[in-house]
Amino acid sequence: MLRMLVRPSWRRWTGIALVVVVALAGTGASWAAQRTDERRSAAHLMDRYTSDVSRAISTEIQRYGEMLTDVAVAVGAQPDLTATDFTWITNTVSNRRLPGATSFDLVTESTDSGVAGLQSSWRQRGARNLTLKPLASGGRHAFTVLRRSLDGRNRPSGTDLYAVPEAAEALRDSRSSGGFAVSRAYVLQSDRTLPVAQQQLSFRLAVPVYHTGNRFGGWLTMGVHGHDLLTAMLQAQTSGAVAADLSELNGTVVQTVAAASAGRAHDYSASLDRVARITIGAHTWTFEVYPTDALLRESRQGIVGTTFRVAMTITALLTLIVGLLASARNRAMAKVDAATAALRDDIERREQVETRLRERELELQRMVLQDPLTGLANRAGLDARLAECVGPNTDIALLLIDLDGFKLVNDVYGHAAGDAMLTEFARVLHASTRAGDVVARFGGDEFVVLLTDVPDEASAVTTAERILACAAATPVRMGEDAQTIRASIGVATGRVGDTPQELLRRADTAMYQAKHLGKHGVQVHHAAMTDRRTAQSPLVEGLTGVLERGELHVVYQPLVDLADGRPVGVEALLRWEHPRLGSIAPAEFIPVAERTGAIAEIGLFVLKTACRQVAQWGDLYVSVNLSPRQLQEPTLVHDVLDVLARTGLEPHRLVLEITESALVDESTGIAMLREFRECGIRVAIDDFGTGYSSLHYLTRLPVDILKIDRSFVAQLNGTPEGSGIAGAILRLSQVLHLTTIAEGVETASQAAELQLLGCGTGQGYLFARPMPAEELVELAETRATAAG
């Protein structure tokens, strides 16, 4: 009896003791696991921040070098650079975010005997207070003759960089390599007057400046404060989570480039320190990174995670202990429990398999109904929704959207950039529509929005305009450029007895009407609207044999000197008089001719007619438009030169006009234009400012003339805002030594304002409308008689 009482008591106390021991062990194990996770997290953060900051420093200095190169090209393009020119050129970049940058310096080399002459020359060019201070030995000097401050400090120019070994070495490296060079770290000459506590190690970036004919003209340099640059990069990339030092090996001596390690933590494992190498030009910097208290706090997971682990561990172990302390009478039930558990596991496995099958089925349905690139509904998903809504409901509207110029984006920037624009436009559609509306990608660059519960047509138009406004306000970054998303939208509202196909057809017709009337617009379908592609069928037929029937003729619009109203040239324009359709505008038939290939023969006809006519008109020159399709013809250069030879027109009296979009294929079109210029024929960019040219790209184009688009001329109203774009184009043309012609001049006030802005030539209805050659001759004789 006593034995029976003792045994349960022993078992009970043994179980309690075991529970306590296991709980303590579990808590200790959880705490150890927590500490291990903290160290692992801190090491991961250090690896990531080290990579991010080192990459950011390398990228930032590379960006500085590219910026210096661009400014050096602009400086070298000036035949007689002045201080005003230098200020104007550097003003375009001085307001950018430039961490650590001190100033742009134009540096010129001189001998001892040439110091006085160099100082006098630059004073005459606008550097009135320039005083050169030769310090270097050896008879040669490198003076900062022009300086543009980037950090707000007024630093005098005239310092001799050859007197500083680090700067002199960078200048010589830059000149010998013909490119970007970086100096070793030193205290800038302009900083040596500061209190010692405010001085910091810096380095100088240098690129050579070459004038026309590859003539060396000095260097463009930039001083960079190492501590300021490093601190800015650490703050931008890590928000103060790490501290760091930059150094480089100078021979056998380790020299500090920048120090920003004052905030490093004091109590941590040395294994968290990181070292990376950053290659800048010909130098390799050692980047040493240390954790701060902020990073160590970030890596801690907190008491909640620890408590959860401890609780789970204790719960699991207590469950095990309860099983060990089960009484003998429950052993029989263990077999039943095991069988029950096996059955339960089997049921759970079946449920898991069924769940995975249902998830897979839903995923397949999404793949069938969803566009993989944009995440929008695809054609099948749209068709399913249209089948539900169209017919019984009339309070619906369908927007068919086509992106303008999308093919050009793919051609210029590549298909990855095109995909980025499609994805961004999908986000614009989501942001501009309601949750219940259906947004789908119809295919390629076409999208569809199905609006439900639409009270009237005006509500659908409002949604379409909201989409266009949101798209215009959301430019897509493509390398260094930002392209605005533009689109044409056709709107069709529901009708009784509609079918999905009929609703889509009406929206498609309206969309093509919107493209025809002007891109980035909205058109609503109405009964009188016809499908323009069907309407163009007679034009396609009519273009066959149009030259043989003599239906095409050339008219001329004068290009006038704005100073005295004297014609200096004419632009040749094409007109079509169809025997049945009457006068057909070029905007109607030129795109059709380009699509069918007839433009090559028609363009050659215009060139022959215009050259033959203008050859009889004294010193006037003629401007003839070239289609992008013509630039693809391998015989174009030969054909143009043959026309000049046959008509007797001198090459310098011919100007060939092309649009910006025609210049995207540098392998063919630009090569042809260079051949034209070598033969004496001038090249003009028509409608400048409305295409895809970048300023850096423009400097390499074989171009002589920029034609300011009529939309910018129409904005001229006597105010700085109205003349902003036209004035910018004129200043750009002056820097690049290009001629400018203003199109669409319709009022005397516009002509006067253009002349004040520096534009010398214009054309438009103010002077004369396009007219046949005979009428143009009569007009010239009449004006000559009136003037006499």
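The values are calculated or read from the model by the stated rules, or taken from the named source; none is laboratory data. Bear in mind the structure is a predicted one, so any value in this text is a computation, not a measurement. Note: ideal-geometry Cβ built from the backbone for every residue, glycine included; neighbour counts use all protein chains shown. Heads up: the accessible areas ignore ligands, DNA and RNA and are worked out on the full protein's heavy atoms, side chains in. Shrake-Rupley method; radii C 1.70, N 1.55, O 1.52, S 1.80 Å.
The number of residues in region 226-248 being over 19 Å from Asp191 (Cβ atoms) and not in a helix (DSSP H, G or I) comes to 9.
The single residue among Thr87, Thr82, Thr111, Thr102 that is under 29 Å from Asp228 (Cβ atoms), of a type outside the set (A, V, I, L, M, F, W, C) and open to solvent by 30 Å² or more (accessible area, probe 1.4 Å) turns out to be Thr87. Does region 89-101 contain at least one residue that is touching a Gly at 6+ places or on another chain (Cβ under 6 Å) and either charged (D, E, K, R) or within 18 Å of Ser190 (Cα to Cα) (or both)? No: zero hits. In this structure, Ala469 qualifies as open to solvent by 40 Å² or more (accessible area, probe 1.4 Å) and at pLDDT 85 or above.
The conditions of being modelled with pLDDT of 85 or more and surrounded by 12 or more Cβ atoms within 10 Å (Cβ to Cβ) are not met by Ala341.
When we screen Gly479, Gly521 for residues that are surrounded by fewer than 22 Cβ atoms within 10 Å (Cβ to Cβ), modelled with pLDDT under 90, under 27 Å from Thr394 (Cβ atoms) and within 35 Å of the chain's Cα centre (by Cα), the only hit is Gly521.
Cβ-Cβ distance below 6 Å, separation of 6 or more or different chains: which pairs start in region 364-384 with a residue that is under 16 Å from Glu424 (Cβ atoms) and modelled with pLDDT under 85 and end on one that is assigned to a helix (DSSP H, G or I) and not hydroxyl-bearing (Ser, Thr, Tyr)? Final answer for the pair search is none.
Here is the figure for region 97-143: residues that are without any contact (Cβ under 8 Å) to a residue 12 or more places away in the chain, under 42 Å from the mean Cα position of the chain (by Cα) and under 21 Å from Gly76 (Cβ atoms) total 2. Going by the structure shown, is Leu636 under 28 Å from Gly542 (Cβ atoms), modelled with pLDDT under 95 and among the hydrophobic types (A, V, I, L, M, F, W, C)? Answer is yes for this residue. Can you say whether Ala258 is in contact (Cβ under 8 Å) with a residue 60 or more places away in the chain, part of a strand (DSSP E or B), open to solvent by less than 10 Å² (accessible area, probe 1.4 Å) and among the hydrophobic types (A, V, I, L, M, F, W, C), as far as the supplied structure shows? So Ala258 passes the test.
Pairing each residue of region 508-529 that is without any contact (Cβ under 8 Å) to a residue 12 or more places away in the chain and under 23 Å from Gln483 (Cβ atoms) with any residue that is open to solvent by less than 40 Å² (accessible area, probe 1.4 Å) and of a type in the set (S, T, N, Q), provided the two are 6+ apart or on different chains, yields C-beta distances under 9 Å for Leu517/Ser488; Gly518/Ser488.
The set of residues from region 482-514 being open to solvent by less than 50 Å² (accessible area, probe 1.4 Å) and of a type in the set (D, E, K, R) comprises Asp498, Arg506, Asp508. The residue of region 278-298 that is nearest to Arg40 (Cα to Cα), among those that are in contact (Cβ under 8 Å) with a residue 60 or more places away in the chain and open to solvent by 30 Å² or more (accessible area, probe 1.4 Å), is Glu298. Selection over region 187-221 of residues that are open to solvent by less than 10 Å² (accessible area, probe 1.4 Å) and more than 14 Å from Leu106 (Cβ to Cβ) gives a count of 4.
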